[in-house]
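One structure below.
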Amino acid sequence: MNQSLYLEYDNGSIGVIRNPYERIVALYRSSWDWIGFDKWIEKSNLKSQVELYKNCSEIITLEHWEQDLIALDIVPKNSSILMEQTIAEDYRRWYTNKSLNMTAVLVKPDLDTYGYSY
């Protein structure tokens, strides 16, 4: 399971962030290891996006990647991978109180740094 999403450009790498709660659901759904969401979270060794992208030159959001690249005046070498990404609009329905508690420590740095919310 690849937890990170990067783009390359002349001056380095661009980390592509997304709502951390939605990201966890998208990772689970793409894993094909459907053992139950809570069990999958326990065994997956998930990392925060803050940790994953700490060495990136720039950060953009998956939700607004085209506008973010324009605002930063960056042309990545290849952005086609972003066109293939899906956003789990229904991510809230996957969470129980248990899974919210299990992910609280993991998502806190992302919520604090990037301003997302549940």
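The values are calculated or read from the model by the stated rules, or taken from the named source; none is laboratory data. Everything numeric here is computed off the predicted structure, so don't read it as measured data. Counting neighbours? That spans all protein chains shown, and the Cβs are built from the backbone with ideal geometry, glycine included. All accessible areas refer to the heavy atoms of the entire protein, side chains included, with ligands and DNA or RNA removed. Shrake-Rupley method; radii C 1.70, N 1.55, O 1.52, S 1.80 Å.
The helices (runs of 4 or more DSSP H) found wholly in the range 1-87 and carrying at least 3 residues that are within 19 Å of residue 115 (Cα to Cα) and not aromatic (Phe, Trp, Tyr) occupy 20-31, 49-52, 65-72.
Would you check which residues across the range 109-118 are of a type in the set (Asp, Glu) and either surrounded by 14 or more Cβ atoms within 10 Å (Cβ to Cβ) or outside any helix (DSSP H, G or I) (or both) and list them?
From the range 109-118, those of a type in the set (Asp, Glu) are 110, 112; that's our starting set.
Hit for the range 109-118 is 110, nothing else.
A search for C-beta distances below 7 Å between a residue of the range 94-112 that is within 21 Å of residue 50 (Cβ to Cβ) and any residue that is open to solvent by 40 Å² or more (accessible area, probe 1.4 Å) and of a type in the set (A, V, I, L, M), counting only pairs 6+ apart in sequence or on different chains, returns 109/50; 110/50. If we scan the range 6-13, do we find a residue that is touching a helix residue (DSSP H, G or I) at 6+ places or on another chain (Cβ under 9 Å) and of a type in the set (S, T, N, Q)? No, the range 6-13 contains no residue that is touching a helix residue (DSSP H, G or I) at 6+ places or on another chain (Cβ under 9 Å) and of a type in the set (S, T, N, Q). Taken over the range 57-108, the criterion of being of a type in the set (A, V, I, L, M), surrounded by fewer than 16 Cβ atoms within 10 Å (Cβ to Cβ) and under 15 Å from residue 22 (Cβ atoms) is satisfied by 87, 100.
Every residue in the range 40-66 that is among the aliphatic types (A, V, I, L, M) and touching a Gly at 6+ places or on another chain (Cβ under 6 Å), please. Can you show your working first?
Start the filter on the range 40-66 by keeping residues that are among the aliphatic types (A, V, I, L, M), which leaves 41, 46, 50, 52, 59-60, 62.
Result: 59, single match.
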